[in-house]
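Step one of this worksheet: look at the structure below.
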Amino acid sequence: MQLRALGGSGLRVAPLAFGGNVFGWTADEAMSFSLLDAFVDDGFNLIDTADVYSRWIKGHSGGESETVIGRWLKKSGKRNRIVLATKVGMDMGDGRIGLAPTYIRQAVEDSLRRLQTDRIDLYQAHQDDPKTPLEETLATFADLIREGKVRAIGASNYSAARLDEALQASAKLKLPRYESLQPLYNLVERAAYEAELEAVCRREGLGVINYFGLASGFLTGKYRSEADASKSPRGGSIVKKYLNERGRRVLDALDSAAAQHNATPAQVALAWQMARPGLTAPIASATSLTQWKELAGAARLSLDAATIAAIDAASR
């Protein structure tokens with residue numbers, strides 16, 4: 001597996017990351033363990049989760065995904081074969097939110113305990129916290145790196161202006177900087193990243209690990225009509241959001257490329273992202289081994305320039 005540098009972090013990752021939001025939610029513990037084993041045994045290594053996963057489910061309080069990963073790490077003994085990424089900052093309830101130093105200190109210990117590990121390879125600010133000075137947040141992250149609890153830091157859901165401001169603060173104060181960005185990015189959600197964030201990341205040499213690489217399943221071709229909305233709990237919102245003239249044009253381009261390359265639309269959609277300059281590894285999730293095997297095939301798919309250009313034009 002060809003590994004890629006994740007910014008200047010010193011971490012090297014395979015070109016496809018596994019999104020841990022499904023662990024303990026749409027994938028039960030047994031299936032999660034099987035998926036994690038298959039992921040690592042197939043040569044991949046970047047597992048991305050967050051403390052807040054999956055607090056949105058009735059009866060969940062957050063930390064479910066980290067807990068499953070921690071149990072798998074203890075059982076499998078594969079800690080040294082993965083790059084473990086998690087996040088802090090989203091609302092965990094009871095005032096546990098943001099990037100204030102005291103809260104980060106509490107949150108990192110909670111994550112380490114759930115993950116059953118002594119270090120987090122990539123600790124990410126899940127969202128900007130305008131109430132806390134960037135300098136205070138970065139200084140706290142610096143302490144965690146110095147203590148060996150965190151290896152590198154990243155940002156998620158930051159605007160280009162705030163990301164740039166954070167990078168400048170790190171340089172000025174000689175503090176560790178965000179070495180990666182986790183933005184929303186896929187073939188039907190291009191504007192937010194490409195308009196401004198991409199330029200900052202390319203200029204500063206940041207790694208980019210984009211989430212919703214398959215647009216919540218739309219780019220698999222699963223949703224092609226209003227009738228398809230019933231295929232999953234989120235089907236209705238996906239069909240309403242993406243199944244328009246542009247969305248159908250993207251699916252047509254993926255179908256054409258898939259037929260040409262003996263692949264699936266999902267594999268083509270991810271391969272297009274992997275081929276984009278500056279993008280390190282799209283994040284995608286699977287809830288079955290069959291789904292995972294399909295996603296893994298994307299890393300072995302090499303798209304020619306004409307195919308990339310055709311998909312690019314259809315989705316622009």
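The values are calculated or read from the model by the stated rules, or taken from the named source; none is laboratory data. Here the structure is a predicted model, which is why all the values come from computation and not from measurement. FYI the Cβ positions are ideal-geometry reconstructions off the backbone, even for glycines, and counts take in every protein chain you see. For accessibility, only protein heavy atoms count, side chains too; no ligands or nucleic acids. Shrake-Rupley method; radii C 1.70, N 1.55, O 1.52, S 1.80 Å.
What about Leu122, is it farther than 14 Å from Val52 by Cα, in contact with a Gly (Cβ under 9 Å, 6 or more places away or on another chain) and open to solvent by less than 70 Å² (accessible area, probe 1.4 Å)? Yes. So, in the stretch 43-83, of the ones that are of a type in the set (Ser, Thr, Tyr) and open to solvent by 30 Å² or more (accessible area, probe 1.4 Å), which residue ends up farthest from Ser156 (Cα to Cα)? Applying the filter and picking the extreme gives Ser76.
Working only within the stretch 6-46, note down all residues that are of a type in the set (A, V, I, L, M, F, W, C), touching a strand residue (DSSP E or B) at 6+ places or on another chain (Cβ under 6 Å) and part of a strand (DSSP E or B). Those that are of a type in the set (A, V, I, L, M, F, W, C), touching a strand residue (DSSP E or B) at 6+ places or on another chain (Cβ under 6 Å) and part of a strand (DSSP E or B): Val13, Ala17, Phe18, Leu46.
Take Glu135 and tell me if it is under 16 Å from the mean Cα position of the chain (by Cα) and of a type outside the set (Lys, Arg). Against the criterion (under 16 Å from the mean Cα position of the chain (by Cα) and of a type outside the set (Lys, Arg)), Glu135 does not qualify. For the stretch 125-165, the set of residues classified as farther than 22 Å from Met92 by Cβ, open to solvent by less than 50 Å² (accessible area, probe 1.4 Å) and in contact with a helix residue (DSSP H, G or I) (Cβ under 6 Å, 6 or more places away or on another chain) consists of Ala160, Leu163, Asp164, listed by residue number.
Among the residues of the stretch 251-267, not a single one is among the acidic types (Asp, Glu) and modelled with pLDDT under 95. Just one residue in the set Ser237, Ser170 is among the small types (Gly, Ala, Ser), at pLDDT below 95 and more than 25 Å from Ala299 (Cβ to Cβ); that residue is Ser237.
Just give me the residues in the stretch 1-14 being open to solvent by 10 Å² or more (accessible area, probe 1.4 Å) and either at pLDDT 95 or above or closer than 22 Å to Ala215 by Cα (or both), in sequence order. Those that are open to solvent by 10 Å² or more (accessible area, probe 1.4 Å) and either at pLDDT 95 or above or closer than 22 Å to Ala215 by Cα (or both): Leu3, Arg4, Ala5, Gly7, Gly8, Ser9, Gly10, Arg12. Counting only helices (runs of 4 or more DSSP H) wholly contained in the stretch 217-316, the ones carrying 3 or more residues that are open to solvent by 30 Å² or more (accessible area, probe 1.4 Å) occupy 235-242, 245-261, 289-296, 305-315.
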